[in-house]
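The values are calculated or read from the model by the stated rules, or taken from the named source; none is laboratory data. Values in this document were obtained by computation on a predicted structure and should not be read as measured data. Here Cβ is always computed from backbone atoms with ideal geometry, including for glycine, and neighbour counts include all displayed protein chains. Just the protein is used for accessible areas: all its heavy atoms, side chains included, with ligands, DNA and RNA removed. Shrake-Rupley method; radii C 1.70, N 1.55, O 1.52, S 1.80 Å.
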Amino acid sequence: MPVKVAEAKYPVIDTDPHAGRVLRYMRPSDYAVLAGGTVAAPALLYAMERVDPSRGNLRPAMKVALAIGFTGSFLLAYQRSTFRFWGWTENSREQAKDFAELSKRAQEGKPLYGESDLDAHLQGVAHRNSAYSQLKFSVMPWFNLVNHPHHGTDSAKYGVKSETSTA
C-alpha cells in the first residue's frame, strides 16, 4: 500500500529523510528551540520549588527535568527540521543545500540517498515504518536510519536518468 503524500505549501525535498540529513540541515532556530527547551524544564521545576518548597534534595529532580527537557526539545527541533523537508514550512535554504548535495552525488555516480546492505524488500519495510513517523513522536520516537530509494521526489532534477527514460 503506497504512503499517502500530504499536500505541501512549499516544494517537497524528501518525504522520508534520513536522520543524518535532518540533523545536518537543522537551522540555528532549531538549535535555539533545543537549548530553550532543555533549560526551560529545570527552570520551571526550580520556579515551582520556590513557590511551594519540598524541603528535599532538588539535585536528582533537576537532573531528571534536564533530561526530559532535552529529550522533548530535541524531538521538537527534529520535527521542525523535518517539516521543511516535507515542504510544510519555508524551506528555500534546504532546497539549495539539497540540490547542491544530491547533484554532486549524481555527478560522481553515487546513489543519491546512499548505499544500503539491506535488500529491496527490507528497504521498503524500513520506508513504510519511518514515513511521516515524526508526526507520531508522542507515541514512539522513530527515525529513518536506513538508506533507501523511496523519497517521494523525482531524481531527474539532480541529473540522474531513470531506467525508463531513453537517450
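Solvent-accessible surface (1.4 Å probe) assigned to LYS63 amounts to roughly 130 Å². How much FRET efficiency would the formula 1/(1 + (r/R0)^6) give for ARG24 and LEU75, where r is the Cβ-Cβ distance and R0 is 30 Å, rounded to 0.05? Calculated transfer efficiency: 0.95.
Given in Å, the Rg to one decimal and the Dmax to the nearest whole number for the Cα atoms of the chain are 20.1, 77.
Take the chain with all the other protein chains still there, run a 1.4 Å probe, and you get 63 Å² of accessible area per residue. Please give every one of the aspartates and glutamates within straight-line cross-link reach of LYS136, meaning a C-alpha to C-alpha distance under 15 Å, and leave out same-chain neighbours fewer than 8 residues apart. Candidates past the 8-residue exclusion: ASP16. Solvent-accessible area of the chain (1.4 angstrom probe, protein heavy atoms only): carbon and sulfur portion equals 62 percent. Could you tell me how many degrees, from 0 to 90 and to the nearest 10, lie between the Cα long axis of helix 59-86 and the main elongation axis, the longest principal axis, of the Cα atoms of the chain? Compared with the principal axis, the helix lies near 30 degrees. For the chain, the Cβ-based charge dipole about the Cα centre amounts to some 480 debye (Lys, Arg positive; Asp, Glu negative; other atoms uncharged). Seen against the Cα atoms of the chain and their longest principal axis, helix 120-130 is set at about 40 degrees.
Counting other Cβ atoms within 10 Å, keep those with at most 10, restrict to DSSP loop, and tell me which GluC sites (Glu not before Pro) in the range 66-110 are left. Passing both the DSSP loop test and the Cβ count: GLU108.
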